1. Among the numbered conditions (1) open to solvent by 20 Å² or more (accessible area, probe 1.4 Å); (2) part of a helix (DSSP H, G or I); (3) small (Gly, Ala, Ser), tell me where Gly91 comes up short.
2. Filtering segment 3-27 down to residues that are open to solvent by less than 60 Å² (accessible area, probe 1.4 Å), in contact with a strand residue (DSSP E or B) (Cβ under 8 Å, 6 or more places away or on another chain) and not aliphatic (A, V, I, L, M), which residue is nearest to Leu113 (Cα to Cα)?
3. For the subset of segment 94-124 comprising residues that are assigned to a loop (DSSP other than H, G, I, E, B), in contact with a strand residue (DSSP E or B) (Cβ under 9 Å, 6 or more places away or on another chain) and without any contact (Cβ under 8 Å) to a residue 24 or more places away in the chain, which member is surrounded by the most Cβ atoms within 10 Å (Cβ to Cβ)?
4. What number of residues in segment 50-82 are closer than 15 Å to Lys4 by Cβ and open to solvent by 30 Å² or more (accessible area, probe 1.4 Å)?
5. Collect the residues in segment 34-48 that are assigned to a helix (DSSP H, G or I) and open to solvent by 60 Å² or more (accessible area, probe 1.4 Å), keeping them in residue-number order.
6. Looking at segment 86-106, which of its residues are touching a Ser or Thr at 6+ places or on another chain (Cβ under 8 Å) and at pLDDT 95 or above?
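The values are calculated or read from the model by the stated rules, or taken from the named source; none is laboratory data. Computed from a predicted model, the values in this text were never measured in an experiment. Cβ sites come from the backbone with ideal geometry, for glycine too, and all protein chains shown count toward neighbours. Ligands, DNA and RNA are stripped out before the accessible areas are found, and what is left, the full protein with its side chains, is counted by its heavy atoms. Shrake-Rupley method; radii C 1.70, N 1.55, O 1.52, S 1.80 Å.
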Amino acid sequence: MANKTQPTDVPVEAFIAGVTPDWRREEAERVVALFTEATGVEPVMWGPSIIGWGSYRYRTAAGTQGDWPPLAFSPRKAQLTFYGFRDSPEGEAMLSALGPHTTGVGCVYVKRLEDLDREVLSDLAEVTFHRGDHDATAR
């Protein structure tokens, strides 16, 4: 069974233009600029609300496989959701210096971008994107 979330042709800018409230849209614009600079690649929409950089093939222990971006985020109303930060020991170790956040199984949740250390966020994006184990078993 493949991942339901797939890349789309929706322009990232068009998605971000519809993000509300205004302050969350501005945060999304800053994250896109920061992650694009850190990765050196342009982002792509994955499904209706996830912005991702790059793509890799994963396979879980249960046999599920699919494609997923090594680095992604979604500017949700309640919080920013980051994907991939916890997928390597180095990224996981850097989270303590990021600033206020909570974690889920594979996500990092942040209420306000302004509360984060931007240098750590940029470093996390770079480490996450370039971790080099994209063929490893996904979480």
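1. The single condition Gly91 does not satisfy is (1).
2. Out of the qualifying residues, it is Glu27.
3. In this case the residue turns out to be Leu116.
4. Residues in segment 50-82 being closer than 15 Å to Lys4 by Cβ and open to solvent by 30 Å² or more (accessible area, probe 1.4 Å): 5 in total.
5. Result: Glu37, single match.
6. Matches in segment 86-106: Leu95 only.
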